[in-house]
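J.: Let me give you the structure first, and then I'll get to my questions.
The values are calculated or read from the model by the stated rules, or taken from the named source; none is laboratory data. Just so it is clear, the structure is predicted and the values come from calculations on it, not from any experiment. Heads up, the Cβs are rebuilt from the backbone with ideal geometry, glycines too, and the neighbour counts pull from every protein chain shown. Surface accessibility is based on the protein's heavy atoms, side chains included, excluding ligands, DNA and RNA. Shrake-Rupley method; radii C 1.70, N 1.55, O 1.52, S 1.80 Å.
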Amino acid sequence: MEKKVVPVNGVSRTLIVNPETSLAQVIREQIGLTGTKIGCGGAQCGACSVIMDGKVVRSCSTKMRRVPEGAAITTIEGIGTADNLHPVQVAWMVHGGAQCGFCSPGFIVSAKALLDENPKPTRDQVTDWFQKHHNACRCTGYQPLVDAVMDAARVVRGEMTLQDLEYKLPPDGKIWGGKYPRPSSVPKVTGTWDFGADLGLKLPPDTLQLALVQAKVSHANILGIDTSEAEKMPGVYKVVTHRDVKGKNRITGLITFPTNKGDGWDRPILSDTKVFQFGDAIAIVCADTVEHAKAAVDKVKVELEELPAYMSAPAAMASDAIEIHPGTRNIYYECTIEKGADTQPLMEKAAYMVEGDYYVGRQPHLPMEPDGGFAYYDEEGHLTIHSKSIGIHLHHAMICPGLGIEPDKLRIVQNPTGGTFGYKFSPTIEALLGVACMATGKPVFLNFDYFQKITYTGKRSPFFINLKMGADKEGKILAMESDWSCDHGPYSEFGDLVTLRGAQFIGAGYGIPNIR
Ligand code: FES
Ligand code: FES
């Protein structure tokens, strides 16, 4: 441990720190200033930006040993407060810079440092500054952020008053189509909008900290799970496995169409018989600290019999591929489309015909905020799960039977949530929190790091497409034939719906009269 005295937002702080701990962790966990967010945790996104001795630093990758004694640190809490906003914060609100708001504190801190150094930047200099400091935003498209900095700079230079910059209700009182700041904008620009990871740090001290044992292979039979060594590790309260799950230990994929060949009960909450994908959750270590929980993860012994890993739809569709879910075909949903006349004679007669094979790749959604949540029994005895679910009622229905809980005994609450870009339409962390809370009877907190976020959560599904179009000599498309496979990974969850998108969207935008 090291003792350091550093002024944080002008207040001298005596800190006893592990020199290997990050500045972000110390700011958030030891000083309690959760306005500094941790997104990637790997120096890539700028969400954790603070000013140290006049320079913007990414605090997630700044170890305390690199923080000089007496270094002046400014976090978002030191830029301005709700009743004394800095021009950058007001400009952020007026220009719609704080949308989900997860990136906003880091951006605002970075912009403040820019204006301290250069109060008259050009738009290109603003863009370059954010590029140089790795400030990333998934919601805004950046233009409103540059607009905000340019306006804030005018105020800083005295060319505009803060009152001129502030939003004013138009005389007719109408806000539609105007720049009315979203109601959450003040907490978002001041860093007081608590996301799941922030709320998790403010739970009672007896809250168990969770860490996942995740699969490191893509396809395997599970022969045994031995938790005995892990349970003896310091601070470990319990290691939860599928044996502790009271319900059917499955998350239902909510089959959308009856022609689906699976039953939708294919995704385990905690792996029991098989690993279906890299990152599957096999066990949950519940301990007094995150460090203790993580230290015990590697002590859980999982005996596996590896199976062939099918890393694409064509590989899983090959004639010699084994059934990933025994009893359900790997091609578990098929759909067709027929519009207008038979396309084959039209293709033969067409003045022009083009055909090609196309691949639309797998995409992680890459929000700024990783997954985080917590669970507890409330004063009425309801299991209460807080997460960044954007479908709380849907997710409630999807996890109740797996947990083994009556629907009226489970509540799901949406935390203030960073942009999800679609991935949180699926339940992710909810059932894991529920299982851990039910197995221990204690409040529990689980915060994915970015690697876990990427390996555990669903992705935009790749499409393999063969496409043929025939046109007349004026170039008008007469006929289209498409043959597509959607690689939805090992779990059915909305996979039939996504596969149907091929029928809906391939060729969409053109008036094609004949389709097969
Ligand atoms: S750069 Fe620190 S959290 Fe992303
Ligand atoms: S407002 Fe920037 S990531 Fe959402």
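J.: When the stretch 473-489 is examined, which residues are found to be open to solvent by less than 40 Å² (accessible area, probe 1.4 Å) and either among the aromatic types (Phe, Trp, Tyr) or over 19 Å from Ile337 (Cβ atoms) (or both)?
T.: Trp484, Asp487, Gly489 - these are the residues of the stretch 473-489 that are open to solvent by less than 40 Å² (accessible area, probe 1.4 Å) and either among the aromatic types (Phe, Trp, Tyr) or over 19 Å from Ile337 (Cβ atoms) (or both).
J.: Among the listed residues Tyr450, Tyr456, Tyr491, Tyr510, identify the single one that is more than 30 Å from Met398 (Cα to Cα) and of a type in the set (Ser, Thr, Tyr).
T.: Tyr510
J.: Now for a separate question. Go through (1) part of a helix (DSSP H, G or I); (2) open to solvent by less than 10 Å² (accessible area, probe 1.4 Å); (3) in contact with a Phe, Trp or Tyr (Cβ under 9 Å, 6 or more places away or on another chain) and name the single condition Pro121 misses.
T.: Failing condition for Pro121: (1).
J.: Given the structure, is Tyr456 more than 30 Å from Ala321 (Cβ to Cβ) and of a type in the set (Phe, Trp, Tyr)?
T.: On the way: more than 30 Å from Ala321 (Cβ to Cβ): no; of a type in the set (Phe, Trp, Tyr): yes.
For Tyr456, the condition - more than 30 Å from Ala321 (Cβ to Cβ) and of a type in the set (Phe, Trp, Tyr) - is not met.
J.: I would also like to ask the following. Given the residues Ala152, Ala136, which is the only one that is among the aliphatic types (A, V, I, L, M), part of a loop (DSSP other than H, G, I, E, B) and out of contact with any strand residue (DSSP E or B) (no Cβ under 9 Å at 6 or more places or on another chain)?
T.: Of Ala152, Ala136, the one residue that is among the aliphatic types (A, V, I, L, M), part of a loop (DSSP other than H, G, I, E, B) and out of contact with any strand residue (DSSP E or B) (no Cβ under 9 Å at 6 or more places or on another chain) is Ala136.
J.: A further question on this structure: Could you identify the single residue in Lys248, Lys232 that is under 19 Å from Ile405 (Cα atoms) and open to solvent by 50 Å² or more (accessible area, probe 1.4 Å)?
T.: Details: Lys232 fails: under 19 Å from Ile405 (Cα atoms).
After ruling out the rest, the residue left standing is Lys248.
J.: Is there a residue in the stretch 203-223 that is among the polar types (S, T, N, Q) and closer than 21 Å to Thr384 by Cα?
T.: So the first thing to find is which residues in the stretch 203-223 are among the polar types (S, T, N, Q), and the list is 207, 209, 214, 218, 221.
When the remaining residues are screened for being closer than 21 Å to Thr384 by Cα, the result is 207, 209.
Yes - at least one qualifying residue is present in the stretch 203-223.
J.: From the list Met93, Met1, exactly one residue is within 16 Å of ligand 2 (Cβ to nearest atom) and open to solvent by 10 Å² or more (accessible area, probe 1.4 Å). Which is it?
T.: Met93 is the lone residue from the list that is within 16 Å of ligand 2 (Cβ to nearest atom) and open to solvent by 10 Å² or more (accessible area, probe 1.4 Å).
J.: Residues of the stretch 22-33 being crowded, with 17+ Cβ neighbours inside 10 Å and either modelled with pLDDT under 95 or closer than 16 Å to Val290 by Cα (or both), which ones? Step through it out loud before you land on a result.
T.: The initial filter retains those residues of the stretch 22-33 that are crowded, with 17+ Cβ neighbours inside 10 Å, namely 22-28, 31, 33.
Residues satisfying the conditions are Ser22, Ala24, Gln25, Val26, Arg28.
J.: Condition (residue is within 16 Å of ligand 2 (Cβ to nearest atom), closer than 30 Å to Pro364 by Cα and either open to solvent by 50 Å² or more (accessible area, probe 1.4 Å) or touching a Phe, Trp or Tyr at 6+ places or on another chain (Cβ under 8 Å) (or both)) applied to the stretch 62-74: is it met by at least one residue? Write out each step before concluding.
T.: As a first pass, look at the stretch 62-74 and keep what is within 16 Å of ligand 2 (Cβ to nearest atom): none.
Among the residues of the stretch 62-74, not one is within 16 Å of ligand 2 (Cβ to nearest atom), closer than 30 Å to Pro364 by Cα and either open to solvent by 50 Å² or more (accessible area, probe 1.4 Å) or touching a Phe, Trp or Tyr at 6+ places or on another chain (Cβ under 8 Å) (or both), which makes the answer no.
J.: Within the stretch 114-140, can you find the residues that are away from ligand 1 (no atom under 16 Å from the Cβ), of a type in the set (D, E, K, R) and either in contact (Cβ under 8 Å) with a residue 24 or more places away in the chain or in contact with a helix residue (DSSP H, G or I) (Cβ under 8 Å, 6 or more places away or on another chain) (or both)? Steps first, please.
T.: So in the stretch 114-140, the residues away from ligand 1 (no atom under 16 Å from the Cβ) come out as 114-128, 140.
With of a type in the set (D, E, K, R) added as a condition, the list becomes 116-117, 120, 123-124, 128.
Selection gives Asp116, Glu117, Lys120, Arg123.
J.: Another question about this same structure. Restricting to the stretch 19-67, what's the tally of residues that are assigned to a loop (DSSP other than H, G, I, E, B), more than 10 Å from ligand 1 (Cβ to nearest atom) and either closer than 26 Å to Asp128 by Cβ or hydroxyl-bearing (Ser, Thr, Tyr) (or both)?
T.: First, pick out the residues of the stretch 19-67 that are assigned to a loop (DSSP other than H, G, I, E, B): 19-21, 31-48, 53-54, 62, 67.
Keeping just the survivors that are more than 10 Å from ligand 1 (Cβ to nearest atom) gives 19-21, 31-35, 53-54, 67.
Applying the additional criterion that residues be either closer than 26 Å to Asp128 by Cβ or hydroxyl-bearing (Ser, Thr, Tyr) (or both) yields 21, 34-35, 53-54.
So the count comes out to 5.
J.: Of all residues being touching a residue at least 40 places away in the same chain (Cβ under 8 Å) and not in a loop (DSSP other than H, G, I, E, B) in the stretch 155-175, which is surrounded by the fewest Cβ atoms within 10 Å (Cβ to Cβ)? Just the residue, please.
T.: Going through the qualifying residues, I end up with Leu162.
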